[in-house]
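One structure, as structure tokens, below. Some questions next.
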Amino acid sequence: MNKRPLSAATLCAALALPAFGLAQVRVAPRFTAELSPVRRLTLSVSERYVYGARIASSGRAQTYIGADYEPFKWLSFGLTYRISGETYRAAYWSSHRITADAGVAGSWRGFKLAYRLRWQNRWSPDRTGYEFDSALRNRVSLRYRTPQPVDLSVSGELFSTLVPAMLPASAFRFEAEITGHVDPVSIAFGYRFHGPIQATSQHYHMVMATVTWRWEAPRRRERSEERQNRRNERRQRREREGDRERPAQSAQPAQAAPSAQAAPSTAATPPAQESTR
């Protein structure tokens with residue numbers, strides 16, 4: 001992995017903090033484990049800690065549990081549950097969120113353009129029971145895989161609130177990220193700007209760092225290798241059978257040639273006999 005882009009990203013993030021104003025900045029380290037037990041299915045568990053603007057001094061802990069399925073390379077579905085908790089004024093505050101995703105993507109020469117539609121529902125306990133809010137999120141992202149094992153990506157997202165009030169455009173979000181890969185680990189550094197459209201004073205900036213470890217079932221690799229070996233064997237068998245058929249086909253005209261030459265000699269015999277008579 002090329003270390004220069006990661007070091008540059010860290011330096012840029014550090015220099016950006018004073019420019020944005022520390023009162024509106026959040027820092028969010030994240031650790032993720034991904035498991036792929038079967039083909040096209042990924043299970044993930046992630047832990048993120050958020051510090052900074054409008055968050056208790058002890059920080060906010062968030063746990064994610066999710067599953068993603070890709071029936072095709074261009075189509076994906078996801079389901080994720082998140083629980084957040086923090087201590088504020090000697091009281092523990094928590095909230096829950098569930099999201100359902102559907103996305104499409106296309107690739108061309110190292111570029112990948114993707115669209116994701118997300119429905120989310122969040123609830124948290126209050127004095128009277130639970131408080132709910134629901135929203136739709138439309139996200140468009142562009143990723144580029146460099147010649148080195150490094151990805152560059154940018155994305156834009158629009159939030160539309162469904163509950164408690166219907167707002168077609170309630171907030172927007174912009175993200176930029178750089179990711180380096182050294183199997184089975186990847187490290188990403190990113191920047192996020194979140195700005196509610198209805199209340200611009202509630203915007204914030206976030207500097208993110210994510211470490212991801214991925215594991216794939218050995219059976220999956222073995223089965224793919226077995227399928228490839230079977231394809232190679234079938235192709236070689238067809239080639240050998242084709243080589244055997246070619247000499248047989250070339251021998252048939254050679255056998256037919258003498259019979260063709262013998263026909264004129266037998267046909268010429270009767271006139272010769274008639275002339276002698």
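All of the numbers you see were taken from the coordinates with simple rules; none came from a lab. Predicted model, so just to flag it, every value in this text is computed and none were measured. Glycine gets a Cβ as well: all are built from the backbone with ideal geometry, and neighbour counts include every protein chain shown.
Can you tell which of Gln62, Thr80, Gly52 lies farthest toward the positive end of the dipole of segment 48-89, using +1 and -1 charges on the Cβ of basic and acidic side chains (Lys, Arg; Asp, Glu)?
Gly52
With Cβ to Cβ distances under 11 Å as the rule, what net charge do the other residues near Leu117 carry (K, R +1; D, E -1)?
Working: positive: Arg116, Arg118, Arg137, Arg139; negative: Asp101, Glu157.
Computed value for this residue: +2.
Using θ = phi - 60° and the Karplus relation 6.51 cos²θ - 1.76 cosθ + 1.60, list the HN-Hα couplings for segment 150-163 in order, rounded to whole Hz, with x at every Gly or Pro.
Couplings: 9, 10, 10, 9, 9, 8, x, 9, 10, 9, 10, 6, 9, 9 Hz.
Go through 228-236, 41-49 and give me the packing order, highest mean Cβ count within 10 Å leading.
Details: 228-236: 10.0, 41-49: 16.0.
The packing order, highest mean first, is 41-49, 228-236.
Relative contact order of segment 3-216, please, whole-number percent, based on alpha carbon pairs below 8 angstrom and at least 6 residues apart.
Values: 534 pairs, mean separation 36.9, N = 214.
Answer for segment 3-216 is 17 percent.
While we're here: Based on the alpha carbon coordinates of segment 125-181, what radius of gyration and maximum Cα-Cα distance (Dmax) apply, in Å?
17.2, 56
Could you run the Karplus curve 6.51 cos²θ - 1.76 cosθ + 1.60 with θ = phi - 60° over segment 51-62 and give me ³J(HN,Hα) per residue in whole Hz, x for Gly and Pro?
Here the 3J(HN,Hα) series is 10, x, 4, 6, 10, 4, 4, 6, x, 10, 9, 10 Hz.
Still on this structure, I have one more. Please report, to two decimal places, log10 I(q)/I(0) for segment 3-216 at q = 0.14, 0.16 Å⁻¹ as given by the Debye formula with identical point scatterers on the Cα atoms and no solvent.
Those come out to -1.02, -1.39, one per q.
Could you give me the ³J(HN,Hα) list for segment 191-196, computed from phi with Karplus coefficients 6.51, -1.76, 1.60 and θ = phi - 60°, whole Hz, x at Gly and Pro?
Residue by residue, segment 191-196 yields 10, 10, 10, 10, x, x Hz.
Lys and Arg at +1, Asp and Glu at -1: add these up for the other residues within a Cβ distance under 15 Å of Arg137 and post the number.
Values: positive: Arg82, Arg97, Arg116, Arg118, Arg122, Arg139, Arg173, Arg192; negative: Asp101, Asp133, Glu157, Glu175.
Every neighbour counted, the sum reads +4.
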